[in-house]
Ligand code: SAM
């Protein structure tokens, strides 16, 4: 209590005591931020802001949702990229839909065998904000293997050539606004068609504790399109998303199941060489273990 009183007497306390709250009707996650606003633009799609949280550093917020922060972005970006890359084993042509902060393409391009990454992000303001203010995350936009398109990923995949990608990553926001269509049956059917045989789809899969309905519906869609046994869920921990428990959901078009990987030695050599901070061979396998309440949610 005495420590708290000392904090309240500090004149900085009141300017620092500003909270950003990411919430639904029943739960919320709040981050204290410094009050400094580095970027605040209403784009045609969403309000794009770069703010600074006291614990997690600068962060990207879209409308009132935390998208990523400097201090924990590696949890998300390593886990959306490397399990699929190592499961596939020979991915050369990758499509990323969304992902405007650049963290996913940064991770994918760590794999030397990759020949081309096409990234389709709908909102140029997100890319601009992150290039200017989150350069650690937006670190690969100048890579010559990247073909960056500012366009709607839903329209893009509708017109994509069949069997053209080894991996498709849907790094989209929650199912509201421009990302709503990233959760539809039509969208994932088009993704299935655009994947080569042996290809892998990975989608930002929401949380089985925060938005159970969206989580379960997405899994049911993937089970319907890819097959019941081919829609595994990877769970991981992100401190700045409400509840902290988040998922990536998979569609496997042939090939091996992600939890059956056997190339642990190659994974750990890569992890050491690249200095990864979340992903490793044990985490890869563990993330595909499913708690019973999650099994019940996705059972059809
Ligand atoms: N990588 C972030 C993180 O660490 O949490 C979350 C993803 S955020 C960058 C999601 C991106 O998807 C946003 O930049 C948003 O503009 C983009 N997006 C939403 N709907 C889209 C669509 N229909 N086509 C392409 N991109 C879309």
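The values are calculated or read from the model by the stated rules, or taken from the named source; none is laboratory data. All figures in this text were calculated on a predicted structure; none of them were measured in a lab. As a convention, Cβ positions derive from the backbone with ideal geometry for all residues, glycine included, and neighbour counts pool all protein chains shown.
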Among 286, 266, 214, 273, the single one that is out of contact with any helix residue (DSSP H, G or I) (no Cβ under 6 Å at 6 or more places or on another chain), within 16 Å of the ligand (Cβ to nearest atom) and assigned to a helix (DSSP H, G or I) is 214
Within region 213-230, residues being within 19 Å of residue 289 (Cα to Cα) and touching a residue at least 40 places away in the same chain (Cβ under 8 Å) number 6
Those residues of region 277-300 which are more than 22 Å from the chain's Cα centre (by Cα) and in contact (Cβ under 8 Å) with a residue 12 or more places away in the chain amount to 293, 300
For region 257-276, pairs from a residue that is in contact (Cβ under 8 Å) with a residue 40 or more places away in the chain to a residue that is surrounded by fewer than 16 Cβ atoms within 10 Å (Cβ to Cβ) and not in a helix (DSSP H, G or I), with Cβ under 8 Å and 6 or more apart or across chains, are 263/89
Of the residues in region 68-83, those that are surrounded by fewer than 24 Cβ atoms within 10 Å (Cβ to Cβ) and either touching a strand residue (DSSP E or B) at 6+ places or on another chain (Cβ under 6 Å) or farther than 22 Å from residue 143 by Cβ (or both) come to 70, 71, 72, 75
With the structure loaded, tell me whether residue 37 is at pLDDT below 95, away from the ligand (no atom under 16 Å from the Cβ), outside any helix (DSSP H, G or I) and closer than 19 Å to residue 127 by Cβ or whether it fails that test. yes
(1) on the phi > 0 side of the Ramachandran plot; (2) more than 11 Å from the ligand (Cβ to nearest atom) all hold for residue 98 apart from (2)
### Message
Given the criteria surrounded by fewer than 20 Cβ atoms within 10 Å (Cβ to Cβ), within 23 Å of residue 188 (Cβ to Cβ) and within 12 Å of the ligand (Cβ to nearest atom), does residue 128 qualify?
### Response
no
Given (1) in contact (Cβ under 8 Å) with a residue 40 or more places away in the chain; (2) more than 24 Å from residue 287 (Cβ to Cβ); (3) surrounded by 15 or more Cβ atoms within 10 Å (Cβ to Cβ), residue 86 misses just (2)
